[in-house]
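Scroll down for the structure; my scribbles are underneath it.
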Amino acid sequence: MSGEKDEKSGTEEKIRGSEAKADREREIVEERVYTVPLSRAWIMPVTKRAPRAIRILKAFIKKHMKIEEDSIVISNEVNERIWNRGIEKPPRKIRIRASKDKDGIVTVYLAEAEGD
């Protein structure tokens with residue numbers, strides 16, 4: 001009886017491991033680095049600036065990567081950088097790295113600083 005449980009848990013671990021590995025090893029077709037201007041968010045009232053900055057970022061990626069808006073995934077680091085100073089003061093610009101996989105999904109990451 002205990003042998004059956006060990007076999008099941010081993011199989012589940014293999015499945016979870018393969019899913020995680022597939023996520024990490026997705027085939028990147030195109031990767032670009034952009035500096036996205038978010039200054040247009042500052043024309044909004046102060047309580048709408050950070051959400052507007054997110055919409056500006058998505059529109060920029062949609063235009064430059066030639067994809068649909070529902071195919072964009074923004075990483076937590078980018079989201080936290082925009083919301084870092086709160087809803088009222090998003091950054092004026094942000095440097096990002098956009099990676100498109102073979103399924104057409106674009107993931108947006110922070111671009112690493114070359115000097116660091």
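Could you count how many Lys pairs in region 28-110 have their Cα atoms under 28 Å apart, skipping same-chain pairs fewer than 8 positions apart?
Total qualifying Lys-Lys pairs in region 28-110 comes to 22.
Restricting things to Cα coordinates, could you compute the convex hull volume per residue of region 28-110 in Å³? Present the calculation step by step, with values, prior to reporting the outcome.
On the way: hull volume 6.3 nm³, N = 83.
Cα convex hull per residue, to the nearest whole number: 76 Å³.
With only Lys, Arg, Asp and Glu charged, each at its Cβ (+1 for the first two, -1 for the last two), find how big the charge dipole of region 28-110 is about the Cα centre; round to the nearest 20 debye.
Working: 19 positive and 10 negative charges, 112 e Å.
Around 540 debye, computed over region 28-110.
Out of region 23-66, which GluC sites (Glu not before Pro) are coil in DSSP terms and have no more than 16 other C-beta atoms within 10 Å? The partial results should precede the final answer.
Numbers: sites: Glu25, Glu27, Glu30, Glu31; in loops: Glu25, Glu27.
Here the sparse-neighbourhood loop sites are Glu25, Glu27.
Hand me the GluC sites (Glu not before Pro) from region 58-112 located in a DSSP loop with no more than 13 other Cβ atoms within 10 Å, in residue order please.
Within region 58-112, the qualifying GluC sites (Glu not before Pro) (loop, at most 13 other Cβ atoms within 10 Å) are Glu68, Glu88, Glu112.
All of the numbers you see were taken from the coordinates with simple rules; none came from a lab. The shown structure was predicted, so the numbers you read here are calculated from the model rather than taken from an experiment. With ideal geometry, Cβ positions are generated from the backbone for all residues, glycine too; neighbour counts draw on all protein chains shown.
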